[in-house]
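Right, one structure below, let's go through it.
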Amino acid sequence: MKKNSKDIILTDLPYDIRSAQGIFEYSKGILGKTLRDFVWDGYEVRKGKGGLGQMVENIYFLLETNNYSGADFSEAGMELKCTPLKKNKQEEYLIKERLVCNMINYCDVVMEDFEHSHFYLKCRLMLLLFYIHQSNCDNLDLEFIFSVLWKLPKKDLLIIKNDYEVIIDKIKQGKAHELSEGDTMYLGACRKGQKGESLMKQPYNPDFDAPRRAFSLKMAYMRTVLDYVIKSGKNAVSNVAGAKSELVSTSALQKHSFDDILLKRFKPYLNISYKKIAKRKNLDISNNPKNKFAMVANAIASFSKCTNVNRSEEFLKAGLTMKTIRIQANGIIKEAMSFENIDYIEVAECEEWLDSRLYELYSSRFMFVVFREQTAGKEDYVLDDVFFWTMPQKDLEWAEVYWKHIKDNVLSNHISEEYWWKGADKKKFHVRPKAQKAKDMAPTPDGKGAKKFCYWFNNDYVREIVEKHRIEDNA
């Protein structure tokens with residue numbers, strides 16, 4: 001008969017509970033298996049994601065559940081996190097959701113500095129157990145795939161500390177109800193619960209209760225962890241290190257925030273023509289490439305070390321996107337702003353807006369690099385402005401309507417121009433294809449496939465963003 005966790009004393013455990021490495025080695029025994037392989041008769045199955053973590057503690061690690069607010073393996077200073085994966089049509093593993101770390105108590109958290117915060121004390125060292133998500137599946141039957149001993153790297157901690165302070169500062173300003181995941185880089189303040197559920201009191205604004213939120217590592221950040229694990233070819237890895245090109249050094253982040261470092265790099269080039277900047281940066285744009293403005297922006301942002309900062313370590317982990325914008329001399333932005341192609345399968349299968357790929361895209365941070373034409377028709381664009389931007393909550397609510405409209409059409413197999421929002425509708429967002437081959441098809445829920453369409457910002461919405469920042473910057 002399998003032993004009940006209540007029958008075990010700490011000295012009888014099949015691993016050293018004081019050793020993070022020992023716990024990690026023991027965790028390998030659950031990989032490729034389910035909790036049903038270890039459960040004993042009479043165990044009361046718990047439901048939900050939180051219940052799964054408790055069950056892993058009880059059944060596999062033979063620990064009793066407690067209400068202790070510190071790390072799960074307190075003797076080793078390590079937290080246990082179970083996080084789901086999903087598979088796409090190509091049978092590739094994908095991150096299903098952000099990693100929720102701990103709830104934010106608005107009244108308590110403002111009294112904690114980062115190094116003494118619940119988040120830091122619990123999550124600086126974590127054992128991440130990745131499992132395959134299955135809808136309507138008993139927690140006992142979920143298969144565990146990867147184990148990762150994850151110690152937050154020093155450089156990441158510097159960015160996360162700044163994220164933490166940004167969140168705390170907003171709460172101290174009485175704006176807990178305005179928190180957004182787009183406010184920060186790696187550490188987000190994600191929504192918990194559904195609309196209409198009870199709100200929480202905030203200490204510096206008693207007139208406005210705020211939605212429940214939790215500290216979380218963003219999906220983009222978790223994606224880089226999973227990417228490293230898969231590329232390692234192993235199902236269990238420890239001491240994960242970044243493998244991507246970096247834009248900013250650890251020593252620089254000890255003195256300045258990531259935002260300040262990047263903005264400072266652009267400052268010497270403001271009001272200078274893109275052609276002169278290209279010459280200074282030894283960029284060949286003599287054949288007038290379509291991406292010449294992006295080439296210039298990338299060269300400035302990376303000190304010419306990277307041709308696409310969106311593929312750098314920091315941008316990938318943050319889900320941060322740099323976009324260039326061209327404003328004509330008459331103030332018109334001719335081109336709308338494109339994003340990625342719509343994944344029809346993802347849209348159809350996603351049940352909640354907050355878990356959707358579009359929400360992740362639109363709630364992420366952007367760095368906009370603005371070039372403005374000086375004389376109509378002369379193509380004499382100069383670097384006019386650079387700023388970080390996060391979509392306001394009211395626009396995110398409109399984006400939810402946009403997403404639901406797309407979802408309804410996908411589920412109804414209405415995947416063509418006649419059904420989508422159009423730029424002429426003046427609804428901030430629209431759907432249309434990028435300039436690609438018409439024969440390109442994407443998978444659909446009915447298995448027949450459909451033409452590829454893409455998410456877009458309307459050009460008038462982009463102009464609204466730029467002009468609003470210009471006004472605020474000059475205020």
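The values are calculated or read from the model by the stated rules, or taken from the named source; none is laboratory data. Model, not experiment: these values are computed from the prediction. Every residue, glycine as well, gets a Cβ built from its backbone with ideal geometry; the counts of neighbours run over all protein chains shown. When the accessible area is computed, the model is the full protein with side chains, heavy atoms only, and any ligands, DNA or RNA have been set aside. Shrake-Rupley method; radii C 1.70, N 1.55, O 1.52, S 1.80 Å.
So the values come out like this:
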| read-out | value |
| --- | --- |
| Segment E91-E352, length gained on full extension (0.36 nm per residue, minus Cα span) | 91.7 nm |
| Inter-label distance for W389 and R470, nm, one decimal - labels placed 7 Å from Cα along Cα-to-Cβ | 1.2 |
| Debye equation applied to the C-alpha atoms of the chain, log10 I(q)/I(0) at 0.05, 0.06, 0.11, 0.13 Å⁻¹ | -0.21, -0.31, -1.03, -1.38 |
| With DNA, RNA and ligands ignored, accessible area of S249 (1.4 Å probe; Å², nearest 10) | 40 |
| Calculated FRET efficiency for the pair E178/K434, C-beta based, R₀ 25 Å, to 0.05 | 0.15 |
| Cα-Cα over 27 Å, subset of K218/K292; K264/K426; K96/K448; K255/K279 | K218/K292; K264/K426; K255/K279 |
| Label-point separation, K422 to T65 (7 Å along Cα→Cβ), nm | 5.5 |
| Size of the range 311-454 as Cα extents on the principal axes (Å, biggest first) | 51, 32, 30 |
| Whole-percent pair-distance distribution, where bins are 5 Å wide, for the alpha carbons of the range 226-361 | 2, 7, 13, 15, 16, 17, 13, 9, 5, 2, 0, 0 |
| Along principal axes, Cα extents of the range 73-125, largest first, whole Å | 47, 28, 12 |
| Theoretical FRET efficiency, 1/(1+(r/R0)^6), r = Cβ-Cβ of K47 and R280, R0 45 Å, to 0.05 | 0.15 |
| Only Lys, Arg (+1) and Asp, Glu (-1) charged, at Cβ; the range 261-308 dipole about Cα centre in debye | 140 |
| Per-residue ³J(HN,Hα) for the range 173-180, Karplus 6.51 cos²θ - 1.76 cosθ + 1.60, θ = phi - 60°, Hz, x for Gly and Pro | 7, x, 10, 4, 6, 10, 4, 9 |
| The chain, relative contact order [Cα under 8 Å, separation at least 6], % | 11 |
| Computed lengthening from K151 to T375, 0.36 nm per intervening residue step minus Cα-Cα distance | 75.3 nm |
| Solvent-accessible area, 1.4 Å probe, carbon plus sulfur percent, for the chain | 47 |
| Heavy-atom accessible area order for H256, H430, H177, H118, largest first, 1.4 Å probe | H256, H118, H177, H430 |
| T444 accessible area, assembled protein chains, probe 1.4 Å, Å² | 10 |
| Set of the range 370-402 residues, backbone N closer than 18 Å to the point 7 Å along the Cα-Cβ line of A329 | 371-384 |
| K81, K305, ranked by accessible area, largest first (probe 1.4 Å) | K305, K81 |
| Accessible area in the full protein assembly, largest first, 1.4 Å probe, for E472, E197 | E472, E197 |
| Mean Cα-pair separation over length for the range 132-230, i.e. relative contact order, pairs under 8 Å, 6 or more apart, % | 22 |
| Mean accessible surface per residue for the chain, computed with a 1.4 Å probe while every protein chain stays in place, in Å² | 50 |
| Cα lying deepest toward the dipole's positive end in the range 32-188, options G182, F119, W40, charges on Cβ | G182 |
| Estimated distance in nm for a label pair at E115 and S249, the labels positioned 7 Å out from Cα along Cα-to-Cβ | 2.3 |
| Where only C-alpha atoms are counted, convex hull volume of the range 1-128 per residue in Å³ | 146 |
| Residue-level accessible surface for H116, protein heavy atoms, 1.4 Å, Å² | 130 |
| Relative contact order (%) - criterion: Cα under 8 Å, at least six apart; region: the range 5-112 | 23 |
| Radius, Kirkwood style, for the range 117-218 when every pair of distinct Cα atoms is counted (Å) | 15.8 |
| Nearest-20 debye value, the range 231-385 charge dipole, Cβ charges on Lys, Arg, Asp, Glu | 1140 |
| Mean-position separation - Cα centroids, the range 251-284 and the range 375-424, in angstrom | 28 |
| Computed magnitude of the charge dipole of the range 292-382 (debye, nearest 20; Cβ of K, R +1, Cβ of D, E -1) | 740 |
